[in-house]
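One structure follows; several queries about it will come next.
None of the figures in this text is laboratory data; all of them are computed from the coordinates on show. Everything numeric in this text was worked out from a predicted model, so none of it was measured. In this analysis, Cβ positions are derived from the backbone assuming ideal geometry, glycine residues included, and neighbour counts consider all displayed protein chains.
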Amino acid sequence: MPSLSEADRRDLLRLARQAIVEAVSHAALPQHIPVHGVFAEHRGIFVTLHILRRLRGCIGVIEADAPLGDSVVRCAASAALQDPRFPPVRVEELNALQIEISLLSQPVPIRKERIEIGRHGLLISRGSNRGLLLPQVAVEHRLTVEQFMQETCRKAQLSPDTWKQADVQVLGFTCEVFSEDAGAMAGSA
């Protein structure tokens, strides 16, 4: 997965902010979503919102079923208004909002001993239950590989040691992570 240019990163962050401002201020989405260059790519993406370094919302898509421009708009607006863990972002919070984008590589099967904290995110599924944690979650919470797997199981609403079962799918992925105030936070794999 080639790394994005700084201009592409800025353009994606600008579109995410525009989507959030429109959704929060006017209950609408941007009228014109770019469809060229990076905006036309099909990639998994998560948009994470922070206020004063505290999580304020995070929504994403794993399967790249739409062009990246559409996914950025949809995920940014949803992170601001529809993350069930938080009340909707208010207009007066917009200036304090910090936006982070994580572009996902294609998830692939991974064994526990191959997982690198800070490099890999996890997607664990069993039946209809799925849980995903981005690579930065393990770093922020100082998790070991086993704790990271357990927390991903919990996110999937499975018991913490479910990852050990033969019928469980454990997938790993990498991310290119960037944000408004920090530029590149992590490289791509």
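Output the qualifying pairs, or none if there are none: Cβ atoms under 6 angstrom, residues six or more apart or on different chains, first residue in the stretch 114-130 and without any contact (Cβ under 8 Å) to a residue 40 or more places away in the chain, second residue surrounded by 13 or more Cβ atoms within 10 Å (Cβ to Cβ) and not in a loop (DSSP other than H, G, I, E, B).
What qualifies is 117/138.
How many of the residues in the stretch 143-180 are among the acidic types (Asp, Glu) and farther than 16 Å from residue 119 by Cα?
Result for the stretch 143-180: 4.
Quick test of your reading of the structure: residue 153 fulfils all but one of (1) over 15 Å from the mean Cα position of the chain (by Cα); (2) surrounded by 14 or more Cβ atoms within 10 Å (Cβ to Cβ); (3) part of a loop (DSSP other than H, G, I, E, B). Name the failing condition by number.
Exception for residue 153: condition (3).
Right, something else. Kindly indicate whether residue 107 is in contact (Cβ under 8 Å) with a residue 40 or more places away in the chain and either among the hydrophobic types (A, V, I, L, M, F, W, C) or closer than 18 Å to residue 28 by Cβ (or both).
no
Another question, if that's okay. Output the residues belonging to the stretch 11-57 that are under 22 Å from residue 135 (Cβ atoms) and assigned to a helix (DSSP H, G or I).
Of everything in the stretch 11-57, those that are under 22 Å from residue 135 (Cβ atoms) and assigned to a helix (DSSP H, G or I) turn out to be 12, 13, 16, 38.
Tell me the residue from 137, 170 that is out of contact with any His (no Cβ under 7 Å at 6 or more places or on another chain), surrounded by 13 or more Cβ atoms within 10 Å (Cβ to Cβ) and either without any contact (Cβ under 8 Å) to a residue 12 or more places away in the chain or in a strand (DSSP E or B) (or both), please.
After ruling out the rest, the residue left standing is 170.
Is there any pair with a first residue in the stretch 1-30 that is among the polar types (S, T, N, Q) and a second that is surrounded by fewer than 18 Cβ atoms within 10 Å (Cβ to Cβ) whose Cβ atoms are under 6 Å apart and which are 6 or more apart or on different chains, and what are they?
From the stretch 1-30, the pairs are 3/188; 18/30; 25/91.
Can you name the condition, by its number, that residue 118 falls short on among (1) in contact with a helix residue (DSSP H, G or I) (Cβ under 6 Å, 6 or more places away or on another chain); (2) surrounded by fewer than 18 Cβ atoms within 10 Å (Cβ to Cβ); (3) not in a loop (DSSP other than H, G, I, E, B)?
(3)
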